[in-house]
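Presented below is the structure to which this report refers.
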Amino acid sequence: MSGNAADTASRRIVDVTADCGISLVASLPDGWITSLITHYSRDARFKHVAVNREESAIGLCSGAFFSGLGTFALMGASGFLTCIYAITKINYTYQIPLLIGITLRGRPGDRAKFHQSNGLYLQSVIQAIDIPLVTIEKADDIPRIGTAYNHSRTMSRPVVVGLTREVLRGEA
Amino acid sequence: MNFEACFRFLAERLKDEIIVTSAGNSSELWWDITHETERVFYLEASMSLASVFAAGIALGTERTVVAFNGDGAFCMNPGMLLVERQLALPNLKHFVISNRVYGSTNDLGHPFGELMDYAGIAKACGIERIYDFATLEGLAQGLDDMIKAPGYAFAVLRVDPLGRHLPSPPLDGPEVKFRFGRYLERTGGRPVFDAPLHPK
């Protein structure tokens, strides 16, 4: 992996989220998104909040909808799976839009054994609760993050963008 | 202190603040006393997220935002205090209602209710302004300082179990959302929704 390539990919993602009106990012790390989180934390266009657990990102960003801020909850796939209650109770009950960024862990090529359960069940869980999933498979897909954000606001529900390892490493 | 007397006092004194209530008793009792439908977000079934939800609201306004969590909710996610300390929002005030029961489920006993020192946890998290109200008189003396003085503040409300079941606010989620959001817009907040209700 080239650090410069990962930096370039992170900068593109950060720029796209800024351009679509996001100014609050709440995150918990995953090894694949440390560069991305670092970029958000250093970029004056954003208020970045490092939360204690992924559900807090859902809560904080959902409340911030009422402050008129565009928000982005950024987390790993495993953390996302801990958020099903918060998403279905808060965002579905009250119809609060939210853009959630996750890593697409457990795909072929991910050598972490403890993430293989995500490969098996992540997309099935996403489908089970009817959250639209927009996958970012290559650099040219990154602008779709803005489309996903706008779609979330249009449908008044969360939308998930799934980031692949290759995109985050600047290899696709 | 008596739970209902405590909330009646708070409802009488907190007239200008934005209110976020949590699952169970805090939503039910605030609704029962006030029947307010605009400046209150009844975040029922919030499972510990009421105060971070309130923090999100507080990020975009200079108005004071008051959040209520139950002690059951608090024990699910005490790390919320670390986020709130980090944010250090001058307009966020967080109450934990310690009634030592799960009020929304027929006052079933809280297994940790007698063990917990919520103010001590807050202190250990580095929070500076902490209040611990065990009596109505103490609450009357300390409330203005907690609410009016700028700075994030955390308080414990030691109350007796309510001892009766109250109905939930009769509002569906989208109605809460639109009443609350339009209220914020109308009273000087930033636009919440993509389209204004009354275009200029």
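Each reported figure results from applying straightforward, stated rules to the coordinates on display, with no laboratory input. Fair warning: this is a prediction, and the values are worked out from it, not measured in the lab. Note: ideal-geometry Cβ built from the backbone for every residue, glycine included; neighbour counts use all protein chains shown.
For the residues of A:90-98, the average number of beta carbons from a partner chain within 10 Å of their own beta carbon is 5. Could you state the angle between the C-alpha long axis of helix B:25-34 and the longest principal axis of the C-alpha atoms of chain B, as a value from 0 to 90 degrees rounded to the nearest 10? Long axis of B:25-34 versus the principal axis of chain B: about 60 degrees. Using C-alpha pairs under 8 Å with a sequence gap of at least 6, the mean separation divided by the residue count of chain A gives a relative contact order of 27 percent. Going by neighbour counts of Cβ atoms within 10 Å, the residues B:PHE53, B:PHE154 line up, fewest first, as B:PHE154, B:PHE53. Volume of the convex hull of segment A:1-147 (Cα atoms only), normalised per residue: 110 Å³.
When both segment B:27-89 and segment A:81-151 are represented by their alpha-carbon centers, they are found 26 Å apart. Taking every residue in B:39-48 and counting other chain Cβ atoms within 10 Å of its Cβ, the average works out to 4. With θ taken as phi - 60° and the Karplus curve 6.51 cos²θ - 1.76 cosθ + 1.60 applied, the whole-hertz 3J(HN,Hα) list for segment B:58-72 is 5, 4, x, 9, 8, 6, 7, 10, 10, 10, 10, 10, x, 6, x Hz, x standing for glycine and proline. Normalised by the number of residues in segment B:95-165, the mean separation of alpha-carbon contacts (under 8 Å, six or more apart) gives a relative contact order of 47 percent. Among A:LYS138, B:LYS15, the ranking by other beta carbons within 10 Å of each residue's beta carbon, starting with the fewest, stands as B:LYS15, A:LYS138. For segment A:152-159, the Karplus equation 6.51 cos²θ - 1.76 cosθ + 1.60, evaluated at θ = phi - 60°, returns couplings of 4, 5, 5, 8, 6, 8, x, 10 Hz by residue, with Gly and Pro reported as x. For segment A:44-123, the square roots of the Cα gyration tensor eigenvalues, ordered a ≥ b ≥ c, give a/c of at least 1.5 with a/b greater than b/c, which places it in the prolate category.
Karplus-derived 3J(HN,Hα) values for segment A:22-30, using 6.51 cos²θ - 1.76 cosθ + 1.60 with θ = phi - 60°, are 7, 10, 10, 10, 10, 9, 9, x, 9 Hz; glycine and proline are entered as x. Dipole of the protein assembly as shown computed with +1 at Lys/Arg Cβ and -1 at Asp/Glu Cβ about the Cα centre; of A:ALA128, B:ALA88, A:HIS115, farthest Cα towards the positive end is A:HIS115. Charged side chains reduced to their Cβ positions (Lys and Arg at +1, Asp and Glu at -1) give chain A a dipole of some 200 debye around its Cα centre. Label-to-label distance for B:ASP172 and B:ARG186 is 2.1 nm, based on points extended 7 Å past Cα in the beta-carbon direction. Secondary-structure-derived ellipticity at 222 nm for chain B, considering helices only, amounts to -11500 deg cm²/dmol, per-run term -39500 (n - 2.57) for DSSP H runs with n ≥ 4. Taking a ≥ b ≥ c as the square roots of the eigenvalues of the alpha-carbon gyration tensor, the protein assembly as shown is classed prolate because a/c is 1.5 or more and a/b outweighs b/c.
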